[in-house]
Structure formats: C-alpha cells, structure tokens
1. For the chain, set up a Gaussian network in which alpha carbons nearer than 10 Å are linked by springs, and say which option among G142, G31, G53 fluctuates the most.
2. E149 versus E190, label points 7 Å from Cα toward the beta carbon: distance in nm?
3. Under the classification rounded if a/c is under 1.5, otherwise prolate if a/b is larger than b/c and oblate if not, where does the chain fall, given a ≥ b ≥ c as square roots of the Cα gyration tensor eigenvalues?
4. So if I take the centroid of the Cα atoms in the stretch 283-326 and the same for the stretch 130-156, what is the distance between those two points in Å?
5. Report the FRET efficiency, 1/(1 + (r/R0)^6), for E71 and D33, where r is their Cβ-Cβ distance and R0 is 22 Å, rounded to 0.05.
6. In nanometres, what is the gap between the two model label sites at N158 and T23, each 7 Å from Cα along Cα-to-Cβ?
7. How would you classify the stretch 2-141 from its alpha-carbon gyration tensor, with a ≥ b ≥ c the square roots of the eigenvalues: rounded for a/c under 1.5, else prolate if a/b is greater than b/c, otherwise oblate?
8. Relative contact order of the chain: what whole-number percent is it, with Cα pairs under 8 angstrom and at least 6 residues apart?
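The values are calculated or read from the model by the stated rules, or taken from the named source; none is laboratory data. Since the model is a prediction, treat every value here as computed from it, not as a measurement. Heads up, the Cβs are rebuilt from the backbone with ideal geometry, glycines too, and the neighbour counts pull from every protein chain shown. SASA here: full protein model, heavy atoms, side chains in, ligands and nucleic acids out. Shrake-Rupley method; radii C 1.70, N 1.55, O 1.52, S 1.80 Å.
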Amino acid sequence: MDPTTDNAGSSGSARSSLESLRTEISKAVVGQDPAVTGLVVALLCRGHVLLEGVPGVAKTLLVRALAASLELDTKRVQFTPDLMPSDVTGSLIYDARTTEFSFQPGPVFTNLLLADEINRTPPKTQSSLLEAMEERQVTVDGTPRPLPEPFLVAATQNPVEYEGTYPLPEAQLDRFLLKLTVPLPSRQDEINVLTRHAEGFNPRDLAAAGIRPVAGPADLEAARAAVAKTSISPEITAYVVDICRATRDSPSLTLGASPRGATALLSTARAWAWLTGRDYVIPDDVKALALPTLRHRVQLRPEAEMEGVTADSVINAILAHVPVPR
C-alpha cells in the first residue's frame, strides 16, 4: 500500500471521528457548537481552554460529555478560597506500615481536568496549575511527575459575582490557548433543554443519554500528526503577525497580544483548517479563531471600557483594518 494514501486515509478517518463528536455531545448539550469546536481545536493543539459563562449554561456538562465521547478520563475540582495547591497536584502521604512517604496523585492526573470557578481560589493555588499546564508535569518534593497524555485543563469562570474572586493574572491567562464564551441559549434551544429534562434526561448519567465513545486517543494522535502537516504560506504567517502587532498599537488597549499569542493564533488556525477539510491555511481560518485566541491576551484601557468598548470589538476592528493577503 502507498504510505501516502495510508496517511491520507488515517487522517480522513481521524477527521471523521472528531467531526462526529459534535453529534454525540449534542445528545447532552444543546446549542453550544462553537464551544465544542473550540475544545476540539484545543485538544489538537495541546492547549488549554478558559470557559466563561453565567452559571447554568452547561459548562461542566460540556466537558464531561466531551470526555465521554472521546473515552478520556476526566476529573473535576471545585476551586474555593480554602483550596490548597496539594489538593490539585497531590502530596506525599506517610505510610506507617512501611515507614516511608508515598505520593498520592491529585486530580490533575487525568486527561481532562475541569477547574470549576478557577477565579475563586487564591493566586497560590491558581499558580499550582501553571507548571501542569505548561510543562505537563507536577513537581512534588523535588521530584517531577509527568501527567497523562492527552492532557487538557478546561477552567471555568463566571462573568458575574466578582465579589470574593481572584482575577487571573495576565501571565496565567496567556497560558490558556483559547477563551470560549458560553452564551445563554436561544429561545428554541432553551425549550429543547426543558423538553429533554421533562422526558427524564439526567445530566449526571451520560450513558443513559446515549453518549458513546466515537473517537479515542489514537484518533487524536493521528489528527495531531495531520494538523502538523497542514501547510502555512509566508503570507499567512505575516498576516497573523500584522494582526497581533496591530493589537499592540491600538489606542483602546494597554496590552496587546504577545509573540506567544501570535504563535497560538497560527496554531489554532492550522487546526481549524484541517478540521474543515483543507491541508493549507487561508485567511478565513485566521479570522475564525482570532477572537477566542486573542480576546484574553489583550487588556482594555479603563476609559475605553467605560465607553462600552470590548476586547472582541477591538479585535474585530483590527481584522477589518489589517490587509488580507490574496
């Protein structure tokens, strides 16, 4: 068999499996396709996701349904003001029988970690996730311990009730590949949600909802390999750089996207191009991922914020202004 054909076949099979995730997850979550797509893009890019939405819009259910559809292990941590770093990473436990200390892994040792309301815990505990997110390992008592592969942190925060919260510092926000907004459902979607509940849907029993694994780690690995081969022209690279440089010059922003942000945008656009069936990136791929990739990497000036300007509106204006390569 021609190896080129074989690679194309495995790539197509992986794409088909990942595309079917949307259908599978919709058995539990109604009307959140952009968030589902964003989570898949993050998995393809080995990145992490910040989910923002008011309570009750199925952020937790979305992550659990994704894990069930991909046959991945998932754990949830409710971040609270008294949560300690060791409650996330694990700690050494003294064993009286052996008179030795043994390592007890924390919930971070999983494939999909749901960090619920991450902005409700102090910076010391928030930072305990930094090494895990960046290095894919945790160090306890000087010993580095690798995390499972794949590994994704999906952290949630509410855009309301800021009292008693600890806003994530810019350095930590920059570690998230994407910031996805999870909006309130449309009227028809909300009717569908209530109808499902009236018919006996139990969000705690995904198996009863009919969710089955439609892809696995092997599909994800094949997909990542295919994404890495998706070509990027010099013109597209320059386009990404021009967008990010424009954020640094915007009069509405005190902080623009860093080179890490530009790298992230190139990476997410590449994954999106592959998901849509192409082996090359076009400007529309960059535009499609610009908001979720950059919105948390820029900082508004207070006066612009008071005038109702948002990070999304600034980025949209930049996208309309920066020349698109032909």
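1. Largest GNM mean-square fluctuation: G142.
2. So the two model labels end up 4.5 nm from each other.
3. Details: a/c = 1.31, a/b = 1.16, b/c = 1.13.
Rounded, because the longest to shortest axis ratio a/c is under 1.5.
4. 31 Å
5. In this case the efficiency is close to 0.55.
6. Rounded to a tenth, the inter-label distance reads 3.7 nm.
7. Taking the square roots of the gyration eigenvalues as a ≥ b ≥ c, the stretch 2-141 is oblate.
8. Relative contact order of the chain: 22 percent.
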